[in-house]
Structure formats: structure tokens, C-alpha cells
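Written out below as C-alpha cells is the structure these notes cover.
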Amino acid sequence: MAIKNYKPTSKSRRHMSIVSYKSILTKNKPLKALTSGVKRSVGRNNAGRITTRHKGGGHKRLFREIDFKYNKINIPYKITSVEYDPNRTGFIGIAVYEDGEKRYILLPKNIKVGEKLLTGEKAEIKQGNRLPLKSIPTGAFVYNVELKPLGGARIARSAGNFVQVLAKDAGYVDLKMPSSEIRKVKETCWASIGTVSNEEKRLENYGKAGKSRWKGIRPTVRGTAMNPVDHPHGGGEGRQGRGRKRAVSKWGKPTGKGQKSRRTKKYSDKFIISRRKVGKKR
């Protein structure tokens, strides 16, 4: 895999770079039986009100039905394609099971077309195979990790992401999350061996504002550039400091700069061994 850099034919092209998909992907059109149209919420709720800012517009997307349950146990399958998915950063591929069924799955790094994989309690410890956490050795990197047994993959699904298995004790496994948080998960939860594909995605440079708009990302305005009526950081003659000890959001809640915004007495506190490290410490 390599990053493709463009010749500076314009100001926006000068620093633009993308992952060279042509050398990786094997199929142009997605499998029709596993796709459907989808209306993206673009940050609006059922009343049409904005609940998440800076989202909207963007290119139309075809939804691929990805199998995160992996509920076909002890039936080997073969990877027959490596495909791009506009709805996620990692690559996906068609898994053809021995009984003939086809499903889309999230692919691990450096997977080859034709490789055979397995989901099972006694599966081999190799990249792409899926096992319960209790069967995975400590120190191993895993992705597509479940939070609740048989609840489907929830953790480490972005390009290049992985979770590290640190220890096992009293029916729980200690996992080091991509955020650097260390937390307990039940040993009966399942995970896939390896790391998510397309790890060079983070090296991409959009090069121009328009490319963000194609992806449905709208502009973000700094609070210091606003008026006091619009943001707690707004106002002042010329460029001013924020005028308060801690950075806050538009609604006065602590945000950014490594501040703790997690609510106290959250249900999952008892599973967290070490909080995530932020800012310079990380």
C-alpha cells in the first residue's frame, strides 16, 4: 500500500494525497444482494433539528450490510474480494462460506484474496480468525471486539485500529483500547485477531475544503471568532484569550484540551481500570 501524492497543478492539489486504492482493491461494483439505499441523518433528529453540528450534504452513499455478528461458528470461509466502503475507513471484503452463503466483513491488514479464515472457539491463532477472548493469548492485537457476549463487534473498527489483550482474571479480560483506556470485558466476548486494514488512511491530506464537503463535513468556526452572544469564548477587541480558566463548548460544558468530560457515576465505571491519557501525557 502506498500513499499517492499529486503534482501541484493547483493550490489545492499541491498538498493533496490519497491512499492508492488501485493497487489494493479487487472489485469495482459491490455485491447487489448485500447493498441497499440509506438516508443519512447528517446530524439531525426525527424532528429535523440539528443534534450534531458540522454535518450535512456530501455525496450519496450506497450502504453495505457488514456482518459484525459472525454467528456462523466453525464454518470456514474464503475471502474473494477487497472493496472500498464509503461508510467506513477500513476495507471490506466478501466472505464466501463453505455452505455457499456470502457476507461482507471488515478486513484485517495485509489480507490476501483467497485466504481461508474461521470463526470458532478452537480456531488457529492467525490474522483474521475470530475467537472468544479467553482463547486469545495475552499481548495479542485484536479488532472487532464485542462489549457484551454475542452482542456483535463494537470496539476497534476504524482503519488501523486495534485493541491489545493485557491480562485475564476472574472471568474478565483486561483490554487496552485505541484511546489508551484500559477496561475489563467478559472473557466470553469474541474478537478477531489482527488490526483493521487501511492503516495509512491517517496519512491522507484532503488538500482543499471542498473534499470535506463531499464527505458530508461542514465547516467548524472557532469560538474565539464569534460574538459573546454566540459563544462563551467570543468577544473582545482584536485577538483575545478565552477569558476563563477552562475551555468550554458553546453550551458552557468543559471541552478539549485534555479535560475530563465523562459524567460521574456512569454505569461502566466499574469496568474501567485506567482512564484514557490525553494531551501531552499521551
Exercise. Taking a quarter of the surface of the Cα convex hull of the stretch 120-203, what do you get in nm²?
Worked result: 5.1
Problem set entry | the stretch 104-171 versus the stretch 200-269: alpha-carbon centroid distance in Å | 34
Seminar exercise, completed: For Ala247, other-chain or 5+-apart residues with amide H closer than 5 Å (H placed, Pro excluded) are Thr255
For this session: Could you pull out every residue, at least 5 positions away or on a different chain, whose amide H is within less than 5 Å of the one on Ile272? Hs are placed 1.01 Å off N in the peptide plane, and Pro or chain starts have none.
Result: Lys184
For this session: Considering Cα pairs under 8 angstrom that are at least six residues apart, work out the relative contact order of the chain and quote it in whole percent.
Result: 17
Problem set entry | Listed pairs Lys32/Lys102; Lys39/Lys109; Lys27/Lys201; Lys32/Lys78; Lys112/Lys134; Lys29/Lys69 exceeding 21 Å between Cα atoms | Lys39/Lys109; Lys112/Lys134; Lys29/Lys69
Exercise. 222 nm [θ] for the chain, helices only, -39500 (n - 2.57) per DSSP H run of 4+, per residue, to 500?
Worked result: -500 deg cm²/dmol
For this session: Report P(r) for the stretch 3-202: all Cα-Cα distances, bin width 5 Å, range 0 to the bin holding the largest distance, values in whole percent.
Result: 1, 7, 14, 16, 17, 15, 12, 9, 5, 2, 1, 0, 0
For this session: Normalising by the residue count of the stretch 9-92, find the relative contact order in percent from Cα pairs under 8 Å and 6+ residues apart.
Result: 31
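Throughout, read-outs are computed from the coordinates displayed, never taken from laboratory work. From a predicted model like this one, the values you see are computed outputs, not experimental measurements.
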